[in-house]
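The values are calculated or read from the model by the stated rules, or taken from the named source; none is laboratory data. Quick caveat, the model's predicted, so the values are computed rather than measured. Positions of Cβ are backbone-derived with ideal geometry, glycine not excepted, and every protein chain shown enters the neighbour counts.
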Amino acid sequence: MKVRSFGRTAIMWSVLAGCVGLSGPALSLAAEESGHDGGARPGEIVAGFRVGPSFSTTPFLSTVGPNLNFQGLYGLNKYIRVGMTLDWEQHKISDNGQGTFGVSGQFSTVTLLPAYMEYRPGHFGQVYPYVGTGIGVNINNKDVSNTFAWRAAGGIDYYIMKDLALNTEVKYTRNTTDGLDLGSVALLFGLRMSFGGQQ
């Protein structure tokens with residue numbers, strides 16, 4: 001029988017909605033800045049590494065765990081980047097989870113999104129907001145079936161050098177198997193470095 005935790009789910013969706021709500025004005029303001037591009041360069045290669053806390057949306061896993069993220073993106077034009085992302089996250093299996101999974105210990109998921117797109121509407125100063133989405137696969141351990149992965153994300157790049165940016169991002173990842181919601185909301189911090197591309 002599926003067990004739901006309305007409180008936890010409500011909190012996680014509230015965090016995601018709040019971050020999206022706060023990024024909305026930034027995206028609108030950036031888009032209204034005439035003559036400004038989104039900071040992506042056609043032909044550029046972008047490598048990113050971020051870390052941060054991952055908040056589980058299910059009572060079967062501990063609320064907070066680590067998340068590591070790697071990105072490789074390619075600039076199509078001034079506003080759109082495409083590429084792939086690779087994530088690893090881990091949560092302790094809760095008491096509820098031990099009864100459901102029949103095991104204890106740490107539950108880990110590797111999420112591979114080979115189809116990912118990022119839209120960058122503009123910028124103000126050195127701040128470049130963006131939204132992103134992608135699809136792929138969640139590779140779960142503990143004999144839990146692998147699942148379809150979908151992600152919604154929003155973030156900000158702050159360029160400290162021409163080709164180096166500080167990055168922060170909030171993302172939701174769908175991971176549902178056998179009627180169990182194993183998804184998460186993560187808050188990431190890290191760096192992005194750009195190589196090449198048209199000026």
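Below, the figures for the structure above:
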| item | result |
| --- | --- |
| Hits in the range 164-199 - residues which are among the charged types (D, E, K, R) and closer than 14 Å to Thr109 by Cβ | Lys171, Arg174, Asp181 |
| Residue match in the range 165-174 (condition: surrounded by fewer than 22 Cβ atoms within 10 Å (Cβ to Cβ), more than 23 Å from Asp143 (Cα to Cα), of a type in the set (Gly, Ala, Ser) and modelled with pLDDT of 95 or more) | no |
